[in-house]
Amino acid sequence: MSASQSAVRSRAEAVKVSRTFDWLICFTLFFVILGGYHVHFMLTGGDWDFWTDWKDRRLWVTVLPIVGITFPAAVQSIFWWRYRLPFGAVLSVLGLLFGEWVNRYLNFWGWTYFPVNFVFPSNFMPGAIVLDVILMLSNSMVLTAVLGGLAYGLLFYPGNWPIIAPLHVPVEYNGMMMTLADLQGYHYVRTGTPEYIRMVEKGTLRTFGKDVAPVSAFFSGFVSIIIYFLWHFFGKWFGKTNFVQST
Amino acid sequence: MKLIKDKVAKLSFVALLVTVTAAMFYTPTASAHGEKSQAAFMRMRTIHWFDLNWSKEELKVNDTMTISGKFHVFAGWPETVDKPEISFLNIGIPGPVFIRAGSWIGGQLVPRSVSLELGETYEFKVLLKARRPGDWHVHTMMNVKGGGPIIGPGKWVTITGSMGQFTNPITTLTGETIDLETYNLSNTYFWHAFWYALGLAWLAYWARKPMFVPRLIAVDSGKADSLISPTDRKVALAFAVGSIAIVAMSMSSTNQQYPVTTPLQAGLLRGMKSIEMPAPTVAVKVDDATYRVPGRAMQMTLTVTNNGDSAVRLGEFNTAGVRFLDAKVTEDTTGYPDDLLAEEGLTVSDNSPLAPGQTRTIQVTASDAAWEVYRLADLIYDPDSRFAGLLFFYDEAGNRQMVMVDSSLIPSFI
Ligand SMILES: [Cu+2]
């Protein structure tokens with residue numbers, strides 16, 4: 001087949017082929033994004049996402065949106081600027097969560113027998129939807145970075161609270177007070193994750209009393225703005241067609 | 001077209017592989033059988049476990065057992081390992097086959113990390129509740145920050161029954177009794193499914209219409225703005241506003257349902273109570289120590305002085321959890337793991353009672369296959385070829401005293 005010959009003969013056929021192409025690309029991209037995002041996220045967010053006794057008001061809230069806004073920002077920039085398709089962030093998060101759930105269910109529960117209520121992943125969907133909508137309505141990278149990045153950071157904690165709040169109910173255990181999440185970490189033995197590597201409730205936000213979560217969320221939002229810019233450019237660069245030889 | 005299709009198909013396959021690898025890549029370490037591969041000096045010169053007792057060898061799911069004993073934090077802690085200022089009393093099992101229902105050092109519950117002092121001896125206890133049937137090697141274990149896991153002796157324990165019967169009832173401070181094994185599970189599934197469905201709905205809205213090729217053509221020909229209709233904008237706004245509203249509402253209803261929540265508890269526990277060990281009345285000087293590679297035996301020349309008021313005999317040498325006993329002096333009654341017990345492994349040139357005030361130089365040989373099996377002999381390849389261990393002397397009344405020995409070790413290959 002030579003390149004000069006057209007592959008289709010009628011408009012109807014062209015439409016059909018284009019549609020097939022849509023599904024193939026969507027399917028492929030879903031898994032490509034899943035693979036990249038999942039590996040990146042495990043390396044940067046890792047234990048904060050694996051265990052409920054790492055999901056605290058300070059570091060979990062701060063770290064996860066920052067490392068989680070990366071791929072959504074990059075994928076958005078390709079999908080929006082090249083195709084005007086406003087679902088880059090949602091597609092990334094759908095991929096990530098799919099991969100996370102497969103990993104947690106098959107490996108953490110199926111293979112190692114940690115209960116799922118101890119090792120479920122964090123929810124990023126509210127922030128991803130808002131990020132996509134802001135880019136679509138504003139058609140502006142700067143506005144998306146600033147408003148969307150902030151929203152991504154701010155929506156993370158409340159978006160996960162309905163899932164983790166029940167695990168923050170206190171118990172008295174052999175004369176010590178702890179949350180149910182702490183107790184899960186204590187009960188379900190992890191030989192490779194001793195308690196001291198747990199990075200929770202550390203930081204210098206002591207003056208804010210008990211309202212540290214909103215402060216952490218704001219801080220996370222601000223850093224997410226910067227990371228958004230960075231990864232949006234990565235996406236633009238990566239989405240260039242200069243690599244492909246034109247015919 | 002076929003060419004492109006093939007390429008895309010190939011790419012999809014690669015992507016799938018990448019994904020599967022990525023998703024399958026990480027499993028939290030399940031194996032606890034690192035004991036033999038751990039450097040010998042780590043096991044001989046850091047934490048000395050002794051007087052260990054595994055309360056059961058077989059138990060049913062939901063039954064409990066304890067591992068209790070003492071550990072001595074070696075005063076000559078190796079320089080290459082961080083000091084145990086931040087340590088965690090763990091348990092070496094292949095994943096959560098038991099749950100750790102409690103653990104104590106010197107009577108203090110230690111769900112968090114603790115600070116240990118060099119040269120001190122501590123009493124400990126770990127309470128385990130059986131969860132998953134099987135034969136499991138259950139080790140004592142101390143994690144030391146900057147030093148890694150220090151694995152102690154292990155014993156095989158059999159759990160019978162079925163994991164489906166396992167329950168973990170906990171009563172919260174709000175007065176509710178829950179089963180921590182399944183608590184909050186349906187709530188977790190519900191919210192994850194809900195948000196995933198919302199994300200899919202957003203994707204589906206855009207996937208209804210042709211996506212990549214026609215839109216790329218439109219964008220490239222400057223008609224990008226025509227691709228977003230006013231309806232699209234309304235739908236998008238509804239999605240965003242709806243998402244924020246759902247987050248706000250679900251958060252406030254959660255707060256109503258769970259008015260009492262506390263932050264995660266963390267922080268180092270200091271001031272662990274150690275055992276008051278009476279100063280030993282037996283003084284031991286190591287004149288020399290050699291390890292005979294072909295004989296799998298360690299030979300020490302010791303000068304022993306009895307400063308007490310009762311005659312003593314050497315009964316046991318304990319290093320890295322391996323116990324070499326002189327059967328004429330003492331025997332094990334606790335069911336200590338066979339592979340770590342050399343009931344007649346200790347030979348003393350003259351083990352007649354050493355009277356008070358006397359000094360004697362003795363040849364002590366500790367020989368057993370355990371030197372090889374537990375790779376303690378690899379000590380001679382360590383950067384700092386020293387050994388350390390505990391000597392137990394017994395007086396006529398059966399009282400025991402513990403003396404540390406610490407010396408360099410010369411290998412002998414003939
Ligand atoms: Cu073992």
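The values are calculated or read from the model by the stated rules, or taken from the named source; none is laboratory data. Note that this is a predicted model, so its numbers are computed, not measured. Heads up, the Cβs are rebuilt from the backbone with ideal geometry, glycines too, and the neighbour counts pull from every protein chain shown. Keep in mind that these areas ignore ligands, DNA and RNA; they rest on the heavy atoms of the full protein, side chains included. Shrake-Rupley method; radii C 1.70, N 1.55, O 1.52, S 1.80 Å.
Assigning unit charges at the beta carbon (Lys, Arg +1; Asp, Glu -1) and nothing else, what dipole magnitude in debye, to the nearest 20, does the stretch B:52-139 show about its Cα centre? Mind showing how you got there, number by number?
On the way: 10 positive and 10 negative charges, 98 e Å.
It comes to approximately 460 debye.
Taking 7 Å along the Cα-to-C-beta vector as the label spot, tell me the B:GLU343-B:ASN307 distance in nanometres, rounded to one decimal.
It is 3.7 nm.
Please compute the average number of Cβ atoms from other chains found within 10 Å of each residue's Cβ in peptide B:96-106. Please list the in-between numbers first.
Details: counts 11, 3, 3, 7, 5, 4, 4, 2, 1, 0, 0.
Partner-chain Cβ atoms within 10 Å, mean over residues of B:96-106: 4.
Starting from the Cα of A:LEU230, step 7 Å along the direction of its Cβ; do the same at B:THR160; then give the gap between the two resulting points in nm.
Those two pseudo-labels are separated by 5.8 nm.
Could you pull out the longest piece of chain A with no exposed loop trypsin sites (Lys or Arg not before Pro) in it, calling a site exposed if DSSP puts it outside H, G, I, E, B and it has at most 11 other Cβ atoms within 10 Å? Write down the numbers at each step before the final one.
Numbers: sites that count: A:ARG9, A:LYS210, A:LYS240.
Excluding the exposed sites themselves, the longest stretch runs over A:10-209.
For B:LYS70, give me every one of the aspartates and glutamates with a C-alpha distance below 17 angstrom, ignoring sequence neighbours fewer than eight places off in its own chain.
Filter leaves B:ASP51, B:GLU117, B:GLU120, B:GLU123, B:GLU276, B:GLU316, B:ASP332.
Say the dipole of the stretch B:40-174 comes from +1 at the beta carbon of Lys and Arg and -1 at that of Asp and Glu; which of B:GLY152, B:GLY119, B:ASN62 then lies farthest toward its positive end?
Farthest along the dipole direction, towards plus: B:ASN62.
Mean-square fluctuation check for chain B, GNM, Cα pairs under 10 Å: which of B:LEU173, B:LEU390, B:LEU314 is largest?
B:LEU173
At a 1.4 Å probe radius, which order do A:TRP23, A:TRP161 fall into by accessible area, largest first? Spell out each step's value before the answer.
Details: A:TRP23 130, A:TRP161 20 Å².
Largest accessible area first, the list is A:TRP23, A:TRP161.
Taking a threshold of 31 Å on the Cα-Cα distance, which of the pairs A:LYS202/B:LYS83; A:LYS202/B:LYS60; B:LYS60/B:LYS145; A:LYS55/B:LYS129; A:LYS55/B:LYS234; B:LYS129/B:LYS328 fall above it?
A:LYS202/B:LYS60; B:LYS60/B:LYS145; A:LYS55/B:LYS234; B:LYS129/B:LYS328
Between the stretch B:159-211 and the stretch A:172-196, what is the C-alpha centre distance in whole Å?
21 Å
How much FRET efficiency would the formula 1/(1 + (r/R0)^6) give for B:ASP378 and B:ASP82, where r is the Cβ-Cβ distance and R0 is 30 Å, rounded to 0.05?
Values: r = 22 Å, r/R0 = 0.72.
E(calc), rounded to 0.05, equals 0.85.
Roughly what percent of Cα-Cα pairs across the stretch B:226-369 reach past 25 Å? Intermediate results must be reported in sequence, preceding the final value.
Numbers: 6110 of 10296 pairs.
More than 25 Å apart: 59 percent of the Cα pairs in the stretch B:226-369.
So if R0 is 25 Å, what FRET efficiency would A:PHE222 and B:SER115 give, r being the distance between their Cβ atoms, rounded to the nearest 0.05?
Working from the Cβ atoms, E equals 0.10.
Report the net charge of residues surrounding A:ALA74, where surrounding means a beta-carbon distance below 13 angstrom and charges are Lys +1, Arg +1, Asp -1, Glu -1. Please report the intermediate quantities before stating the final value.
Details: positive: A:ARG82, A:LYS236, A:LYS240; negative: none.
My count for the surroundings of A:ALA74 gives +3.
Mind checking B:225-234 for the average number of partner chain beta-carbons within 10 Å of each residue's beta-carbon? Don't skip to the answer; put the middle values down first.
Numbers: counts 2, 1, 4, 6, 0, 0, 0, 4, 3, 0.
Across B:225-234, the average partner-chain Cβ count within 10 Å equals 2.
Within the stretch B:45-114, report the GluC sites (Glu not before Pro) that DSSP leaves as loop and that have at most 15 other Cβ atoms within 10 Å. If you can, show how the numbers build up before the last one.
Details: sites: B:GLU57, B:GLU58, B:GLU79, B:GLU85; in loops: B:GLU57, B:GLU79, B:GLU85.
Sites meeting the loop and neighbour criteria: B:GLU57, B:GLU79.
Give me the 1.4 Å probe accessible area per residue for the protein assembly as shown, excluding ligands and nucleic acids, in Å².
Numbers: 27910 Å² over 661 residues.
Heavy-atom SASA per residue in the protein assembly as shown reads 42 Å².
If the cut-off is a Cα-Cα distance under 28 Å, which lysines reach A:LYS240, setting aside same-chain residues fewer than 8 apart in sequence?
Of all the lysines, those that pass the test against A:LYS240 - Cα under 28 Å, at least 8 places apart if same chain - are A:LYS16, B:LYS2, B:LYS5, B:LYS7, B:LYS10, B:LYS209, B:LYS223.
Could you state the number of Å between the C-alpha centres of the stretch B:39-117 and the stretch B:336-379?
25 Å
Let's see if you can work this out: charge +1 on each Lys and Arg Cβ, -1 on each Asp and Glu Cβ, no other charges. What is the dipole magnitude of the protein assembly as shown about its Cα centre, in debye to the nearest 20?
On the way: 54 positive and 53 negative charges, 799 e Å.
Using only the charged Cβ atoms, the result is roughly 3840 debye.
Give me the Å³ per residue figure for the convex hull around the C-alpha atoms of chain A.
Working: hull volume 40.5 nm³, N = 247.
Taking the convex hull of the Cα positions in chain A, it is 164 Å³ per residue.
So if we plug the beta-carbon distance of B:LEU173 and A:ARG9 into 1/(1 + (r/R0)^6) with R0 = 60 Å, what FRET efficiency do we get, rounded to 0.05? Present the calculation step by step, with values, prior to reporting the outcome.
On the way: r = 74 Å, r/R0 = 1.23.
Efficiency, rounded to the nearest 0.05: 0.20.
Over the stretch B:179-257, what portion of Cα pair distances is larger than 15 Å, expressed as a whole percent?
Details: 2198 of 3081 pairs.
For the stretch B:179-257, the share of Cα pairs beyond 15 Å comes to 71 percent.
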